[in-house]
1. Search segment 15-40 for residues that are in contact (Cβ under 8 Å) with a residue 24 or more places away in the chain and pair each with any residue that is within 13 Å of the ligand (Cβ to nearest atom) and in a loop (DSSP other than H, G, I, E, B) when their beta-carbon atoms are under 9 Å apart and the residues are at least 6 apart or on different chains.
2. Determine whether residue 32 is within 16 Å of the ligand (Cβ to nearest atom) and either part of a strand (DSSP E or B) or in the same structural domain as residue 113 (by TED's automatic domain parsing) (or both).
3. Of all residues in segment 1-45, which are among the charged types (D, E, K, R) and closer than 20 Å to residue 92 by Cα?
4. Quick one: which residue in 49, 102, 42 is in a helix (DSSP H, G or I), surrounded by 14 or more Cβ atoms within 10 Å (Cβ to Cβ) and at pLDDT 95 or above?
5. I'm trying to understand the selection: among the residues of segment 11-29, which are in a loop (DSSP other than H, G, I, E, B) and either more than 15 Å from residue 103 (Cα to Cα) or near the ligand (Cβ under 8 Å from one of its atoms) (or both)?
Amino acid sequence: MKYCYCPACNRLQKWNWYSRKVCESCGRECVIFDVKRSVFGALMYAFSAIAVILIILHASWYTLGLEWASFYSSVPSDTSTWLIFGLIFLAIVCTFLDLAKAEKRAQERVRRGINRPK
Ligand SMILES: [Zn+2]
């Protein structure tokens, strides 16, 4: 996860690859640095991937009735629906936890001095 730190106005903001390398407040050039993702980032991707697989299985069997997905009939439709929403909820929670951890690490990095190694 990348952050943009402006030494001129001491502002720290999240940075996206499509953003310009300037501070949103004062327009001066900012320092871009990478912050290591937490375990919640990996969990967010894992929960999302499992949810996508379950959505495909659910739609294939319960909506379209495709034969290749007939093994999924062992999971009741209601259970499947709750599982999918539960996984999406967990992914959202993990996203917020990951963002909070990254923000904390970025602030720590700025406090220690941006140019020093991680
Ligand atoms: Zn600035």
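1. From segment 15-40, the pairs are 30/7; 30/8; 30/21; 30/23; 30/24; 31/7; 31/21; 32/21.
2. yes
3. Residues satisfying the conditions are 2, 14, 36, 37.
4. None of the others qualify; the one that does is 102.
5. 17, 18, 19, 20, 21, 23, 24, 25, 26, 27, 28
The values are calculated or read from the model by the stated rules, or taken from the named source; none is laboratory data. As the structure is a computational prediction, the values presented were derived from the model and not from experiment. Cβ atoms come from the backbone with ideal geometry, glycine included; neighbour counts cover every protein chain shown.
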